[in-house]
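The values are calculated or read from the model by the stated rules, or taken from the named source; none is laboratory data. It should be emphasised that the depicted structure is a prediction, and the values quoted were computed from it without experimental measurement. A quick note on method: Cβ atoms are made from the backbone with ideal geometry, for glycine too, and the neighbour counts reach across all protein chains shown. For the accessible areas, the whole protein counts, side chains as well, though only heavy atoms, and no ligand, DNA or RNA atoms are used. Shrake-Rupley method; radii C 1.70, N 1.55, O 1.52, S 1.80 Å.
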Amino acid sequence: MPPLRRALVAVVAAASAVTLALTGKVLPQATAAPPAPTYTVTVGAKGTWKYPFDTPANPYIDKDGTFYFQQAAALYGADGPRAWHFYTGTDFDTATEDKALSTAVTPNKKAESEGKADGNGDTTWRCNNSPTGREATDPPKGSSYSQKNFCDLSGVWVDPDTGDWYGLVHNEFTPQPFKDGSHYDAIDYAVSRDQGRTWDIKDHVLTSPYSTKRNDDKAFPQ
């Protein structure tokens, strides 16, 4: 028997002897680990959802404890909805849309000079003038894509120290880069310092390591 193992056996034996002398009981021997517990998951009948939209409903809690969830849409057609919608209540089952928040407009002189609005109810200008939108290029003539960038707010986190809302923005941009049916994708982040009324899309979070330029045959020769 190796010296270390002999020493450990001696320690256990000594401890057992002391325990027996003091209590009249021998230390219990180590037993095998209990079997891993098993679980059963059951699913009830599928319920209905009152607010079907383009993205999943993403829940979050505001600084004052108010429950919210948000959804967004950025459809390709010229008349398709492009909006960030907000709902509040006790929980998913009781929440209703906060119409004032869903239609709030961010004051923006550049948008106003173009006769447009940077609003939650119509995010077309917001998407096209975001960090990704400024790098995007317009779809080819005759395309079913009406814009150069389509962006959805998809997930909000509230800073517990400041109460600011931070959101991830999913972009689908530069439609049909090779006259195909595809587009490029990128994730930016946005900040609202007034509980979602106004938003500033700050910068990229995730972008492609490959070229996202239109007709870049050098990067994609095939």
Requested in this report: Specify the angular offset, from 0 to 90 degrees and rounded to the nearest 10, of the alpha carbon long axis of helix 3-23 from the longest principal axis of the alpha carbons in the chain.
Outcome: 70
**Report entry** the chain - percent of accessible surface contributed by carbon and sulfur, probe 1.4 Å
**Finding:** 58
Report summary line: Between the modelled labels at THR31 and PHE178 (7 Å from Cα along Cα→Cβ) the distance in nm is 6.5
Query - Protection proxy ranking of 163-173, 185-195, 206-216, 101-111 - average other beta-carbon atoms within 10 Å, highest first - result: 163-173, 185-195, 101-111, 206-216
Query raised in the report: What does the highest-first list of 80-90, 36-46 look like by mean Cβ count within 10 Å?
Result: 80-90, 36-46
Query raised in the report: Which entries of LYS109/LYS202; LYS63/LYS110; LYS148/LYS179 show an alpha-carbon separation above 20 angstrom in the structure shown?
Result: LYS63/LYS110
Query - Positive-end residue, the chain charge dipole about Cα centroid, Cβ charges, pick of PRO107, THR42, GLY89 - result: THR42
Requested in this report: In nm, give the distance between the simple-model label positions of LEU206 and ALA100, each being 7 Å from the Cα along the Cα-to-Cβ direction.
Outcome: 3.5
**Report entry** Residue-normalised accessible area of the chain, expressed per residue, 1.4 Å probe, Å²
**Finding:** 63
Query raised in the report: If you stretched the chain out fully between ASN215 and GLU112, how much longer would it get, using 0.36 nm times the residue separation minus the C-alpha to C-alpha distance?
Result: 33.8 nm
**Report entry** Backbone N under 12 Å from the SER143 label point (7 Å along Cα→Cβ), restricted to segment 179-222
**Finding:** 179-185, 213-215
Report task. Rounding to the nearest 20 debye, state how big the charge dipole of the chain is about its Cα centre with +1 on each Lys and Arg Cβ and -1 on each Asp and Glu Cβ. Result -> 940
Query raised in the report: For ASP164 and ALA78, FRET efficiency with R0 = 25 Å and r from the beta-carbon atoms, rounded to 0.05?
Result: 0.15
**Report entry** Pairwise FRET efficiency - ARG197 versus VAL43, Cβ, R0 = 35 Å, nearest 0.05
**Finding:** 0.35
Report summary line: FRET efficiency for ASP93 and PHE53 from the Cβ-Cβ distance with R0 = 30 Å, rounded to 0.05, comes out at 0.95
Query - Proportion of all alpha-carbon pairs of segment 49-163 beyond 20 Å (%) - result: 48
